[in-house]
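Written below as structure tokens is the structure these notes are about.
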Amino acid sequence: MESFTLTVKRTFKTSRDSYIITFNEKIDFVPTQFIMIETPSVVRKPFGLGNWFADLAIGVQVIGKGTQYIVEQKILSAHGPLGRGFVPPSGKGAMISTLACLAMAFDLHQRCGCDVFIGALEEPQIEVPFKTVLGDQQFVELLKSLKGYDWFYVVGSDQMEKVCFELLHDKAPVYLSFNEYMACGLGACRGCAIQTKEGLKHVCVDGPVFRGDLIWN
Ligand SMILES: Cc1cc2nc3c(=O)[nH]c(=O)nc-3n(C[C@H](O)[C@H](O)[C@H](O)COP(=O)(O)OP(=O)(O)OC[C@H]3O[C@@H](n4cnc5c(N)ncnc54)[C@H](O)[C@@H]3O)c2cc1C
Ligand code: FES
């Protein structure tokens with residue numbers, strides 16, 4: 001794992017509590033790999049790597065002290081890239097994401113041409129280059145309407161991922177990015193272990209993306 005410094009090019013809001021941070025540097029990574037970012041607390045925080053147009057970028061939803069600190073900085077210390085990354089299966093895919101993961105969605109769309117659908121609670125504060133639905137009802141209607149895809153990839157809250165799995169898994173395989181708490185990101189602390197049908201897995205080294213039917217029925 002490499003340690004490096006990231007210098008912020010631009011930080012801008014995508015919603016009331018979510019931001020995209022773009023960087024001057026480039027990093028080689030594969031889709032859904034993440035970095036651990038240092039904050040004043042002892043614990044480093046994981047963020048999925050992505051792009052925003054030509055720039056390396058991450059999306060950050062501010063939910064606590066660490067994320068608030070990250071969106072206020074001009075220079076960040078980070079470690080990575082970590083995780084196995086997600087190799088999209090062949091065929092036509094759809095990624096379903098929140099605004100907080102827009103940079104990851106942009107990256108996957110650029111690389112494999114998958115369709116992207118964004119679920120947001122309220123009107124985004126930027127022009128989103130993908131179909132965006134607002135609120136729970138529109139989101140459920142969107143999921144029910146999706147047809148003709150060979151795979152789905154979902155990244156968002158645990159609750160959103162469960163709803164997506166329930167409504168999509170009869171149509172095509174559903175891949176989910178898991179959100180377990182991480183301390184080391186390296187498979188050393190065992191803090192991110194999850195039980196799967198193939199035994200215990202660690203989200204940081206075996207994931208973060210798993211097929212939903214490996215975890216849920
Ligand atoms: C592999 C991976 C990739 C991630 N990528 C992104 C990303 O691209 N963008 C993004 O905005 N966030 C991402 N996250 C989540 C992000 O790391 C956390 O939101 C962040 O660590 C919270 O730090 P904090 O200090 O602001 O909040 P804390 O003070 O740590 O927590 C604030 C509140 O949020 C809850 N919480 C904190 N972390 C999590 C978690 N992982 N799951 C569920 N609840 C939690 C706490 O219980 C507490 O109630 C990712 C998480 C993982 C595991
Ligand atoms: S975060 Fe330490 S083992 Fe996964």
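Across region 93-214, the relative contact order, built from alpha-carbon pairs under 8 Å that are at least six residues apart, equals 20 percent.
Legend note: in the chain, cysteines whose Cβ sits 4.7 Å or more from every other cysteine Cβ are Cys101, Cys112, Cys114, Cys164, Cys192, Cys204. About its Cα centre, region 52-159 has a charge dipole of approximately 340 debye under the convention of +1 per Lys or Arg Cβ and -1 per Asp or Glu Cβ, with nothing else charged. Taking every DSSP bridge with both residues inside region 139-217, close to 70 percent are antiparallel.
With charges only on Cβ, +1 for K and R and -1 for D and E, what is the dipole size of the chain about its Cα centre, in debye, rounded to 20?
Numbers: 21 positive and 23 negative charges, 48 e Å.
Charge dipole of the chain: 240 debye, to the nearest 20.
Shape analysis of the chain places it in the oblate category; the axes a ≥ b ≥ c from the Cα gyration tensor give an a/c of at least 1.5, with a/b not above b/c.
Once the C-beta distance of Ile194 and Phe53 is scaled by a Förster radius of 45 Å, the resulting FRET efficiency is 0.85 to the nearest 0.05.
The Cα atoms of region 2-81 cover 29, 28, 22 Å along the three principal axes, with the biggest extent listed first.
Measuring nothing but how far apart in sequence close Cα pairs (under 8 Å, 6+ apart) lie, relative to its length, the chain scores a relative contact order of 19 percent.
Over every Cα atom in region 85-171, the radius of gyration and the widest Cα-Cα span, Dmax, amount to 12.1, 34 Å. In order along region 120-129, the phi-based Karplus estimate (6.51 cos²θ - 1.76 cosθ + 1.60, θ = phi - 60°) of 3J(HN,Hα) comes to 10, 7, 9, 3, x, 8, 9, 7, 8, x Hz; Gly and Pro are listed as x.
How far is the Cα center of region 172-213 from the Cα center of region 108-143, in Å? Spelled out, the Cα-based centre of one part sits 25 Å from the other.
No lab work stands behind these numbers, since they all come straight from the coordinates. Since we're looking at a predicted model, the values are computed, not measured. All Cβ positions, even for glycine, are placed from backbone atoms using ideal geometry, and neighbour counts span all protein chains on display.
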